[in-house]
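One structure is given here, and the rest of the page talks about it.
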Amino acid sequence: TRWVGEAMAGPSPKQKAEAAKAAVARLEIIEAEAALREFLFESELAKLDAEGLGKAIEVAKEKGANENLIAKANARLQEWHDLQAKIAEANKKVPTWMVINPDGYMNIRLQPDTSSPILATKEPGEVVRGIPEGPWIRLYDRPGYMLLENPSGEPLLTRFEGASIAEGGEVQSVAWAPKFFALDRLAREAFVFLAPEHHNTDYCIADTVTLGHRIHKLGQRLYDEGSMPGNPTWEMEESPEVVQSLDVWMQAVEAKSCAQFDKLLQKAADLANEGYAQMGNLAPRLASLRWNCCMSWLAARSKAVTEVSSGNSFGAISAKRSDEACRTAKHTMFEWLRSLTKEWGVLTMFDYDLVGEGVWHDYKREPLSKRAQQEWYRRGMEFDIIKLCYQALQVPPEDLNPSAATVVMVQPYLTPHWIIPPEDLPGHILRKHDWFFKYAYPEIDDLHTKGLIQGKVLHIEQPPEYQHDFSDPEVIAKVQRGEDLGKGTQEDGLPGALHGSVALLYAAFCTVEKVQNLHIYPGLLGMEDFLQKFLEYCPPLSVLELSGSGDALTEGVLKLVGLAGSSLLTLDLSECALDEDMVEPLIEILEKLPNLKHIDLAHNSLDSQAAIRLMSFLSESRIDIPSIRLDGNPLGDPEEFKSEVAAILAARGEPVVAGGEMVLHFEDDMMRWYPAPKEGFLAHRIRDDSNDPPRAIAIKEVRNMANAQKRALDKYESSNPAATTSGGRDWLARQRKENKKVFDSHLLEMYKMDVQQRVAEKEAKEAADKAAKEAKEAAEAEAQAEKSKKK
């Protein structure tokens, strides 16, 4: 009975635990063996993930997996190492070449013959790897041949070793990152994600040698200070994953080979993604997302490049694979942004500024967070999200843009929801609260003294003062009680308040609209921090007009104009009440605007002494501004002022040997200063009456020279044996193509039409003369016949 009872009781808890432990161990062994088999099933040895296989072998040994299976995996791993050793040995003997064809692109041909079919083309500056075979190189990374030099002996390809096109060095003696950025243009697009003020043109001028270090510096700034350094609402949030990602990126920048660089970069991207996922507050999350987008884009580009490269030699990535890499990264970024714009906290901020119907979930209205009630925090987050979404739209490929993130605003029952692209939100918010923005063509008054402005100018100003409805009983009651009516919807703390943070909305609007010419009215200049934040985050401006600002243009405001930077070409400070006390701040900002071409200082209070002081400083400091407008200022005697300025400019022009001029406008007169040109140059020949002027070449002579060149090429083709060779035929085709450009030029077409018109006019005149002559002869014959008849 006792035995039956024990049997019916079943296994004890200890036995159950041991059985469960054994089952788990067996399951782990099965999983380890399955992982090994997955690697062994890879038929192409070159595609084997050696690092993953090594880890799988270690796990299998630890779990006690089948020894025969482990032995097969070790053998497979050894085969991969042997293959890599062979590839590395072979790569040492394969040189890298850069295209330097002066005539443009080069053809990749199927066979080493200029009549062979063309497989692809390479632009100047692109690199390939190939083995020399006579006058050709046989490409190593793909089928095809490329010619080393043309028939005249000019090199078409040159040996390329180093980190950038301008840098030499032995293979593997320099880091891979500079070469990666120099030769993969699309990789530099990652730079745009690191700050909201970055534009997609910034990467074009980036120094590829230092770009890796700049990316790290900006990534560290994102972690420490957020997307918008100096924002008083920023609160740092620590993330070990982001810190480690930054460290691993710096290791990648120092890596010597493409494989090592890619391995570290993929790790940095994974860590950046993990860091973004664990961030809590919105501001640190946005900063982390920017770093995540940068690393994700670089990882996709690096993976595509590494597949066709080896060691420190850069391979030729196909257009299809390049497009796939961009699609993968952009699709991933769009997923992150779509998820972000659906969050309740983000939607409530936009709904608040749009004065929407509220954000509802679980039958409750989501309240605006306390942080978002601070204008700089709310507008800063909105600006960062809008700019990040817009920057993601600008990277290729464009056909993915319809799947970009959108913001959905809930509407009343039976009304379709309002689906807004993030880049359209600044305009909607500004219109909602009557902030002024309007395009207009430049005025034509005093056009001869103003700088040339191409295109429309965007005019921006604060909204008009709120108008109360005096038919409203509540307003009437307040008036009767003598109470202050307040500012209405512009009351402090409301979304329509007159607050400097609206500068971020204007900056985002100007970026999306690609504004280059801007006029800011005095109402905005008087708002605290408006001009500073706007110029820090707006797109590059060519024209900035502050005319008519009067007393609103204080010394502090004037100093901020220097933030416009090197893109500014025209600055209008007319009617801004500038006097002698403003000369020093004006000089200070002009030093920060190196490419300024025209400054308008008309109708201010600059007397002769202040203007002379300004001109003296500009001359002494070599600040060359071609055109300065000064009319309407109390300059005293114009002739005396002209003489003093002429003396300053003459002293400035003495050491100048060539180029440049300066124009000063006052009233309807102007004074033009020409620096001394270099002897023998065109400017010197034009201005020096003692020398003969430059000889003009008639269009007819150009046509005759082109015809002579055509006859010479025809003779070369018919009589020179070299023309029958493949190189000769190729050279002859290029020369004919260049000569044809002359015949097809717009100038010769105009000349031909002119000749045809003259011929037609001459023929018409000859026909008219002939008809008149015949009519005259007929009249004379008729008169003679009448005379004979009378006789």
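Within the stretch 569-584, residues that are within 12 Å of Ser547 (Cα to Cα) have Cβ atoms under 7 Å from residues that are assigned to a helix (DSSP H, G or I) and among the small types (Gly, Ala, Ser) in these pairs: Glu575/Gly550; Cys576/Gly550; Ala577/Gly550, counting only partners at least 6 apart in sequence or on another chain. For the subset of the stretch 111-155 comprising residues that are in contact with a strand residue (DSSP E or B) (Cβ under 6 Å, 6 or more places away or on another chain), open to solvent by less than 80 Å² (accessible area, probe 1.4 Å) and outside any strand (DSSP E or B), which member is nearest to Arg729 (Cα to Cα)? Among those residues, the one meeting the criterion is Ser116. Taking helices (runs of 4 or more DSSP H) as the structural unit, those lying wholly within the stretch 308-408 and holding at least 3 residues that are closer than 28 Å to Val502 by Cβ, in contact (Cβ under 8 Å) with a residue 12 or more places away in the chain and of a type in the set (D, E, K, R) correspond to 375-394.
Filtering Phe180, Phe160 for residues that are at pLDDT below 80, surrounded by 19 or more Cβ atoms within 10 Å (Cβ to Cβ) and not charged (D, E, K, R) leaves a single hit, Phe160. Leu458 meets each of the listed conditions (1) outside any helix (DSSP H, G or I); (2) surrounded by fewer than 15 Cβ atoms within 10 Å (Cβ to Cβ); (3) in contact with a helix residue (DSSP H, G or I) (Cβ under 8 Å, 6 or more places away or on another chain) apart from (2). If the condition is being open to solvent by less than 80 Å² (accessible area, probe 1.4 Å), touching a Pro at 6+ places or on another chain (Cβ under 9 Å) and of a type in the set (A, V, I, L, M, F, W, C), then the stretch 431-455 contributes Trp435, Ile453.
Against the numbered list (1) open to solvent by less than 30 Å² (accessible area, probe 1.4 Å); (2) in a helix (DSSP H, G or I), Val243 comes up short only at (1). Restricting attention to the stretch 490-548, the residues that are surrounded by fewer than 21 Cβ atoms within 10 Å (Cβ to Cβ), acidic (Asp, Glu) and farther than 22 Å from Asn200 by Cβ add up to 4.
Does Ser302 meet the test of being in contact with a Leu (Cβ under 8 Å, 6 or more places away or on another chain), in a helix (DSSP H, G or I) and crowded, with 21+ Cβ neighbours inside 10 Å? It is true that Ser302 is in contact with a Leu (Cβ under 8 Å, 6 or more places away or on another chain), in a helix (DSSP H, G or I) and crowded, with 21+ Cβ neighbours inside 10 Å.
Looking only at the stretch 12-55, residues that are of a type outside the set (Val, Ile, Thr) and surrounded by fewer than 11 Cβ atoms within 10 Å (Cβ to Cβ) come to 14 in all. Under the condition of being touching a residue at least 12 places away in the same chain (Cβ under 8 Å), within 24 Å of Asn231 (Cβ to Cβ) and open to solvent by 20 Å² or more (accessible area, probe 1.4 Å), the residues counted in the stretch 266-278 number 2. Considering every residue within the stretch 69-89, establish whether at least one is modelled with pLDDT of 80 or more, more than 30 Å from Cys258 (Cα to Cα) and more than 54 Å from the chain's Cα centre (by Cα). No.
Against the conditions (1) open to solvent by 70 Å² or more (accessible area, probe 1.4 Å); (2) within 26 Å of the chain's Cα centre (by Cα); (3) more than 30 Å from Pro626 (Cα to Cα), Leu425 satisfies every one except (1). Consider the stretch 698-734. How many of its residues are in a helix (DSSP H, G or I), within 28 Å of Asn107 (Cα to Cα) and in contact (Cβ under 8 Å) with a residue 24 or more places away in the chain? Adding up the residues that qualify gives 12.
The values are calculated or read from the model by the stated rules, or taken from the named source; none is laboratory data. What you are looking at is a predicted structure, and each value in this text was computed from that prediction instead of being measured. Every residue, glycine as well, gets a Cβ built from its backbone with ideal geometry; the counts of neighbours run over all protein chains shown. Keep in mind that these areas ignore ligands, DNA and RNA; they rest on the heavy atoms of the full protein, side chains included. Shrake-Rupley method; radii C 1.70, N 1.55, O 1.52, S 1.80 Å.
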